[in-house]
Amino acid sequence: MNRLIVGLPPGWVTPEGWILGPHGVWEIAGSGRRERTVLIAARPIWIAARLRDVDTGRMFLRIAWPGGSATIEREAALCQRSLLRLAGEDAPVSSQSAAGVVRWLEAAEAANRDTLPMEQTVGRLGWIEGRDGAAPVWQGPEGPLTLRAQRGEAQQMAAMKPRGTWEGWRDLAARVHAASPVALMTLAASVGSALMARIGPLAAPFVVDLSGGSGKGKTVALRWAASAWACPTDRAVWIKPWSSSSPSIESFAWFLQHAPLMLDDTRKLNLRRRQELGGSVYQWASGQGAGKGHPDGAREVRTWHSVVFSTGEVPLPSIFGQDIGLRMRMVRIEDDPFVDGDPLVTEIEGIETWGHAGPRVAAWAVEQGDAALRAAWLDVRGRLAARLAGAATAAWCQRASGYGATIWMGLMALNEIGVEVRPPDEAAAIIVGWLRAGIESADVPGAAWDRLCAWLASQSGRIVTHAGPEPHAPPGGWIGRTGAVKLDSGDAAEAVYVLPSAVDAELRRWGYDPDDVLPVWAKRGLLVEDAKQQARARAITWLGKKVRLYCLRIDGWTGMPEEAGEVEKERWN
């Protein structure tokens, strides 16, 4: 009778006490004259395979029935409430029969445990590490391992199936790259995303921020970068809008794993969610999602290692605030990708070939080997860091150079698989220019200091020039006074002492975090801390009282009277 059922695994054995036939599943109840058959399912249903997740080791079962199948966790297959969800996929299970179907599947698995096919499965894309010395493999939508996907992920998988020809896409690439260095570099960052995990932890995740006026081709450049992996058109929804929820962005980031994430149009951000999504950028650059609680303990934290793209009319830092960490996690591109009226814009928007370049770059990476890729990346990072020397601290230059090295490696990979790229000197100059601009914009403490100095100058009427009481307070009250400070070298320097509450309030009003900028000011010698008390504010005499104020070294401040003697200056310390 089993031979009449198409799709049963070879060697299938129906467990004792059960009947599996072309018209359903029956359980044999009773014995002897009281033996009877009880219908469990009106159509046949069986276990087609057992699967083990290569990442977590968890077991899954592929449940099959005529005309359909589903891969679900083993614990869900053996739980009648969870199994009932298969009714929506036309499986022969209902609230009345679920308990019986669970008993049947449990008995069938036990009887066929040694003969059921055992497959390796994975729930995400990207690199699968080889075992026992085997080379890593790139997991795409069609293999090499069995890929499990939810409904939304299945849509992404469909978008990643290659279309058109490699030759057709490559011919278009030659024309696009000749016209637009921005489009070339975004493509290089896109395929470079797949190289980062092979290079190792030094190649940190980062954000490519495409910003500028409307109609300048930012979204078109984003579509071109996406075409290396998937259908870049709106119908594929592979490029997500910034209006997507943080959980959905995190989930998609984990599913892509090492392929780039594309987020379009910051105008779609809800104002109330900007701070939340700013946290999403931090999470992306850290390579892991937010940990969540669970009744059985903390859930496993989802991780990834890739590049995220963002487009918008204004740079991301302008939306999420003047944050040092955020700025140092991105490569800012404010150049226009295409000139107005460029026919390539229409051609890319109607593109009919995609999904070829990314997998080819992954195959090239396997041929090179991790050690060779890492050595090349380190060499490029060192050369870029040398060209950026002096633009900022060594640590900041090193970090930015790492992002540039990943883009450069993407260019190298494109060249090796036959895609025309710009001459090395020209490409390096473009990358260095972007990195230098990003480093300059990332000097948030410097910008905050300049703004504070301008504000203090405008508030000079609220800054006194002596230590004694002042009977007439100005509108808004006093905020500080001038004085001198003795430095570690023993020299005295001019300073302005200001209420911490006033400084912190202004910084926050301007969008800066005091905990970000004040430590940097202290390292630069602009904020003289109280070393003995290990405090940011220093204890001084002001308006006849002992108070703690920030001691700010502002060059050229003239509020300190010339006639103030050494005794007066000493009272400030």
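Results for (1) open to solvent by less than 50 Å² (accessible area, probe 1.4 Å); (2) at pLDDT 90 or above; (3) in contact with a Phe, Trp or Tyr (Cβ under 7 Å, 6 or more places away or on another chain), shown as yes or no for each residue.
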| position | (1), (2), (3) |
| --- | --- |
| N415 | no, yes, no |
| E420 | no, no, no |
| W434 | yes, no, no |
| A442 | yes, no, yes |
| A448 | yes, no, yes |
| R451 | no, no, yes |
| S458 | no, no, no |
| V464 | yes, no, yes |
| P469 | no, no, no |
- Query: In this structure, is G382 surrounded by fewer than 20 Cβ atoms within 10 Å (Cβ to Cβ), among the small types (G, A, S) and either in contact with a helix residue (DSSP H, G or I) (Cβ under 6 Å, 6 or more places away or on another chain) or not in a helix (DSSP H, G or I) (or both)?
  - Reply: no
- Task: Output the residue which, of all residues in the stretch 165-208 that are of a type in the set (S, T, N, Q) and within 28 Å of V432 (Cα to Cα), is surrounded by the fewest Cβ atoms within 10 Å (Cβ to Cβ).
- Result: S180
- Task: Scan A135, A91, A111 and give me the residue that is of a type outside the set (S, T, Y) and either farther than 27 Å from M157 by Cα or part of a strand (DSSP E or B) (or both).
- Result: A111
- Just to be sure, is Y403 open to solvent by less than 20 Å² (accessible area, probe 1.4 Å), more than 28 Å from the chain's Cα centre (by Cα) and at pLDDT 85 or above? no
- Item | In the stretch 423-466, the residues that are of a type outside the set (A, V, I, L, M), closer than 30 Å to R481 by Cβ and outside any helix (DSSP H, G or I) | D443, Q459, T465, H466
- Item | Residue list for the stretch 38-88, filter: closer than 14 Å to Q120 by Cβ, among the β-branched types (V, I, T) and outside any loop (DSSP other than H, G, I, E, B) | T71
- Message: With surrounded by fewer than 19 Cβ atoms within 10 Å (Cβ to Cβ), among the acidic types (D, E), at pLDDT 90 or above and over 40 Å from the mean Cα position of the chain (by Cα) as the only criterion, which of E106, E119 stands out?
- Response: E106
- Message: Of the conditions (1) modelled with pLDDT under 95; (2) open to solvent by 60 Å² or more (accessible area, probe 1.4 Å); (3) more than 25 Å from the chain's Cα centre (by Cα), E367 satisfies every one except a single condition; which number is it?
- Response: (1)
- Query: In the stretch 512-533, which residues are of a type outside the set (F, W, Y), under 31 Å from the mean Cα position of the chain (by Cα) and open to solvent by less than 30 Å² (accessible area, probe 1.4 Å)?
  - Reply: P514, V517, L518
- Message: Can you list residue pairs whose Cβ atoms sit under 8 Å apart, with the first residue in the stretch 451-463 being over 16 Å from R509 (Cα atoms) and touching a residue at least 12 places away in the same chain (Cβ under 8 Å) and the second being open to solvent by 60 Å² or more (accessible area, probe 1.4 Å) and of a type in the set (A, V, I, L, M)? Count only pairs 6 or more apart in sequence or on different chains.
- Response: none
- Would you please name the residue that is least open to solvent (accessible area, probe 1.4 Å), looking only at residues in the stretch 125-164 that are among the basic types (K, R) and in contact (Cβ under 8 Å) with a residue 60 or more places away in the chain? R148
- Query: Hey, does the stretch 69-91 have a residue that's out of contact with any Lys or Arg (no Cβ under 7 Å at 6 or more places or on another chain), open to solvent by less than 70 Å² (accessible area, probe 1.4 Å) and among the polar types (S, T, N, Q)?
  - Reply: yes
- Query: Considering the stretch 201-228 alone, what residues qualify as being of a type in the set (V, I, T) and either in a loop (DSSP other than H, G, I, E, B) or closer than 15 Å to R267 by Cα (or both)?
  - Reply: T219
- When you go through (1) surrounded by 12 or more Cβ atoms within 10 Å (Cβ to Cβ); (2) at pLDDT 80 or above one by one for P475, which number turns out not to apply? (1)
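The values are calculated or read from the model by the stated rules, or taken from the named source; none is laboratory data. Source: prediction; values computed, not measured. Cβ: placed from backbone, ideal geometry, glycine included. Neighbour counts: every protein chain shown. Heavy atoms of the whole protein, side chains included, go into the accessibility calculation; ligands, DNA and RNA do not. Shrake-Rupley method; radii C 1.70, N 1.55, O 1.52, S 1.80 Å.
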